[in-house]
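Working notes, beginning with the structure itself.
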């Protein structure tokens, strides 16, 4: 077995077949041609780093202290989340799209809704969006027309994770006094894939 590098110096074939030990590493590792090699950067967006070299030396992750694996880089579910064009969204009163932003003007509570229906009941989704040019009011995300996200009342980039409970398109809802802009909307399924080596 090769050295595991990156802060784990001196680990060699001296690890016995009946030994169990935890190793903290900086990368996910895969078994290639009988050797452990780090997965290429960019293939893993988040990870747990406790590993188990167990008695049958199959290098599979241990169940504890956490569930090892990686978060897949899942495909984008919404179209035109960057508002590059005035399309793919239904704009109720108070919303316009221009200059790469969806712009909400005060006057009435209203929704900005995707034309496509990317969400399915039971999906766990991660949504990220940015509020800019905030003046007043609030905005919140709706997941599949059911669960409402956190009410936001300031500029910033926000991330939320929720389980979809009702089929429907993804939408942003602003309050009646909402005077703010939205851009960089991203909605992806949040799925853990076990390490397979």
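The values are calculated or read from the model by the stated rules, or taken from the named source; none is laboratory data. What you see is a predicted model; the values in this text were computed from it and never measured. Cβ sites come from the backbone with ideal geometry, for glycine too, and all protein chains shown count toward neighbours.
Of the conditions (1) modelled with pLDDT under 90; (2) surrounded by 15 or more Cβ atoms within 10 Å (Cβ to Cβ); (3) assigned to a loop (DSSP other than H, G, I, E, B), residue 125 fails just one. Which one is it? All conditions are met except number (3). Inside region 86-96, residues that are within 25 Å of the chain's Cα centre (by Cα) and surrounded by 12 or more Cβ atoms within 10 Å (Cβ to Cβ) make up a count of 3.
Per-residue answers, yes or no, for (1) touching a helix residue (DSSP H, G or I) at 6+ places or on another chain (Cβ under 8 Å); (2) on the phi > 0 side of the Ramachandran plot; (3) at pLDDT 95 or above:
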{"site": "66", "(1), (2), (3)": "no, no, no"}
{"site": "93", "(1), (2), (3)": "no, no, yes"}
{"site": "111", "(1), (2), (3)": "no, no, yes"}
{"site": "118", "(1), (2), (3)": "no, no, no"}
{"site": "129", "(1), (2), (3)": "no, no, yes"}
{"site": "137", "(1), (2), (3)": "no, yes, yes"}
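Counting the residues of region 147-175 that are under 18 Å from residue 122 (Cβ atoms), within 17 Å of the chain's Cα centre (by Cα) and surrounded by 15 or more Cβ atoms within 10 Å (Cβ to Cβ) gives 5. Candidates 106, 102: the one that is crowded, with 17+ Cβ neighbours inside 10 Å, more than 16 Å from residue 77 (Cβ to Cβ) and touching a residue at least 60 places away in the same chain (Cβ under 8 Å) is 102.
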